[in-house]
Amino acid sequence: MGIVELFLLALGLSMDAFAVSICKGLATKRLKLKHAVICGVWFGGFQGFMPLIGYVLGTSFASYINNVASWIAFVLLSLIGANMIKESLGKDDEEASESFDFKTMFLMAVATSIDALAVGITFACVPVKIIAASGLINTLIAVLIIGIVTFILSGIGVKIGNVFGSKYKSKAEFVGGAILILLGFKILLEHFEII
């Protein structure tokens, strides 16, 4: 996985956090810069940390799954993407609390980053190649990029939600899901050396 795929992956993963940030902005009556920063830190931090945990878990059993690694990456990314698309098409709107306290933000950050844990496992199966360095160094750079992209989009999401409402929430989830599914197919096609 190269830098372009990594940025697309980061964009796809950040869409859940972006959608929740829109809801937070919608629920916040008096928006301040600190609200955008709080969402960015929580969501960006967890979106970056969870793939690292997934990578560590994945490397511990990577030797057992090397022959099917591309298939595992394809299935995980497709399932995550399909779930995001399903949620985007659902009619039940989630109510976001105006609270930015520890418990609220922790629960939302964990909920929006579970899929990032699975993506970390795919890093162990389909290594990230950004620079000429070890897999761990490349993975650390990858999780940093995912965290930064999520931080930025979460901050923007809070502002969009506060100004425009929930108009873009489901579209963001749909696009994120589609990106993850397409990345899964790309990994599979590379496995069969079609591209």
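Sub-6 Å Cβ pairs linking a first residue in region 179-195 that is touching a residue at least 12 places away in the same chain (Cβ under 8 Å) to a second residue that is among the aromatic types (F, W, Y), at least 6 apart or interchain, are G184/F74; I187/F74; L188/F74, ordered by first then second residue. Just one residue in the set L57, L107, L52, L77 is surrounded by 21 or more Cβ atoms within 10 Å (Cβ to Cβ), farther than 19 Å from K171 by Cβ and over 11 Å from the mean Cα position of the chain (by Cα); that residue is L52. Suppose we keep only residues that are in contact (Cβ under 8 Å) with a residue 40 or more places away in the chain and closer than 22 Å to E190 by Cβ within region 137-152. Which one would you say is farthest from the chain's Cα centre (by Cα)? For region 137-152, the residue satisfying everything is T139.
Across region 1-33, the number of residues qualifying as touching a residue at least 60 places away in the same chain (Cβ under 8 Å) and open to solvent by 30 Å² or more (accessible area, probe 1.4 Å) comes to 9.
Every listed requirement among (1) under 30 Å from A69 (Cα atoms); (2) within 16 Å of the chain's Cα centre (by Cα) is met by I22 save one, (1).
The set of residues from region 91-124 being modelled with pLDDT of 80 or more and farther than 17 Å from S14 by Cβ comprises S99, F100, D101, F102, K103, T104, F106, L107, I121, A124. The set of residues in region 125-146 that are farther than 19 Å from L13 by Cα, open to solvent by 80 Å² or more (accessible area, probe 1.4 Å) and assigned to a helix (DSSP H, G or I) contains only L136.
Return the residues of region 147-166 that are over 13 Å from A10 (Cα atoms) and open to solvent by 20 Å² or more (accessible area, probe 1.4 Å); say none if nothing qualifies.
I156, K159, I160, N162, V163, F164, S166
Working only within region 167-190, note down all residues that are aromatic (F, W, Y), under 16 Å from S14 (Cβ atoms) and either at pLDDT 80 or above or open to solvent by less than 10 Å² (accessible area, probe 1.4 Å) (or both). Answer for region 167-190, where residues must be aromatic (F, W, Y), under 16 Å from S14 (Cβ atoms) and either at pLDDT 80 or above or open to solvent by less than 10 Å² (accessible area, probe 1.4 Å) (or both): just F174.
The values are calculated or read from the model by the stated rules, or taken from the named source; none is laboratory data. What you see is a predicted model, and the numbers here were worked out from it, not measured in a lab. Cβ sites come from the backbone with ideal geometry, for glycine too, and all protein chains shown count toward neighbours. When the accessible area is computed, the model is the full protein with side chains, heavy atoms only, and any ligands, DNA or RNA have been set aside. Shrake-Rupley method; radii C 1.70, N 1.55, O 1.52, S 1.80 Å.
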